[in-house]
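Right, I'll just put the structure down here and ask away after.
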Amino acid sequence: MYAIRVRLGAHALVAGRGRVENGGMMNDAQDRFEMELLEAALEQARKSLSEGGIPIGSAIGSLEHGIIAVGHNEREQSGDTTAHAETVCMRHAGRRRDWHTLTLASTLSPCIMCSGTAILHKVPRVVIGENRTFMGAEDLMKEHGVSLRVVDDPRCVALMEEFIAARPELWDEDIGVVSE
């Protein structure tokens, strides 16, 4: 575990502990870019919450091309059960032939559907804001060679903890928990 300190514009960011799994060395430029992706995803999560939705955001891009697309969970807003943040983000990125060069960031560990979408498109790296409130299909992604970086960002954790406490029924519906 290590503390991440990145300078983004005029603001310093301390994103908590992070760990890189299935991956090797990371240079400073890649580290900064991944934190920019996570910042964009966090902004999207807040946008979703302000719209009455589930506060999960995502961003995708590459160091070479910057942030290509962003998205947030729109399931509540649109009534589309597949409108999870990562899927919406990838839809916004459009048809591409360079998925294998991109990094996907999400404020929350991707569920099995979103993990499957990343695997299907051969996205090689996923940056995860937090996996304390929900552990997605990280093992599945690792089995398929996806390199994961779990940042454990306290802002992402707090956003989900507050939402789950305030709207447990909506959260359970989103993750497929059957009420009795």
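Within the group Gly57, Gly79, Gly71, which residue is small (Gly, Ala, Ser) and out of contact with any strand residue (DSSP E or B) (no Cβ under 7 Å at 6 or more places or on another chain)?
Only one candidate passes the filter, namely Gly79.
Return the residues of the stretch 152-163 that are assigned to a helix (DSSP H, G or I) and either surrounded by 17 or more Cβ atoms within 10 Å (Cβ to Cβ) or free of Cβ contacts under 8 Å to residues at least 24 places away in the same chain (or both); say none if nothing qualifies.
Within the stretch 152-163, Arg155, Cys156, Val157, Ala158, Leu159, Met160, Glu162, Phe163 qualify.
Here's another thing I want to ask about it. Mind listing whichever residues of the stretch 18-56 are open to solvent by 10 Å² or more (accessible area, probe 1.4 Å), closer than 17 Å to Pro110 by Cα, of a type outside the set (A, V, I, L, M) and modelled with pLDDT under 95?
Residues satisfying the conditions are Arg19, Glu21, Asn22.
Any idea which residue in the stretch 57-84 is nearest to the chain's Cα centre (by Cα), counting only those that are open to solvent by less than 10 Å² (accessible area, probe 1.4 Å) and under 11 Å from Asp174 (Cβ atoms)?
Checked the stretch 57-84; the qualifying residue nearest to the chain's Cα centre (by Cα) is Asn73.
Of all residues in the stretch 139-151 being without any contact (Cβ under 8 Å) to a residue 40 or more places away in the chain and either of a type in the set (Val, Ile, Thr) or not in a loop (DSSP other than H, G, I, E, B) (or both), which is least open to solvent (accessible area, probe 1.4 Å)?
Met141
Does at least one position in the stretch 107-130 carry a residue that is open to solvent by 10 Å² or more (accessible area, probe 1.4 Å), under 15 Å from Ile175 (Cβ atoms), part of a loop (DSSP other than H, G, I, E, B) and modelled with pLDDT of 95 or more?
Yes; the residues of the stretch 107-130 include at least one that is open to solvent by 10 Å² or more (accessible area, probe 1.4 Å), under 15 Å from Ile175 (Cβ atoms), part of a loop (DSSP other than H, G, I, E, B) and modelled with pLDDT of 95 or more.
Could you list, in sequence order, the residues of the stretch 129-180 that are of a type in the set (D, E, K, R) and closer than 15 Å to Ile56 by Cα?
Glu130, Arg132, Asp152, Asp153, Arg155, Glu161, Glu162, Arg167, Asp172, Glu173, Asp174 - these are the residues of the stretch 129-180 that are of a type in the set (D, E, K, R) and closer than 15 Å to Ile56 by Cα.
Being touching a helix residue (DSSP H, G or I) at 6+ places or on another chain (Cβ under 8 Å) and open to solvent by 20 Å² or more (accessible area, probe 1.4 Å): is that true of Thr101 here?
Criteria not met by Thr101.
The values are calculated or read from the model by the stated rules, or taken from the named source; none is laboratory data. In this text, all values refer to a predicted model and were calculated from it rather than measured experimentally. Every residue, glycine among them, receives a Cβ derived from its backbone with ideal geometry; neighbour counts consider all protein chains shown. The accessibility values were calculated without ligands, DNA or RNA, using every heavy atom of the protein model including side chains. Shrake-Rupley method; radii C 1.70, N 1.55, O 1.52, S 1.80 Å.
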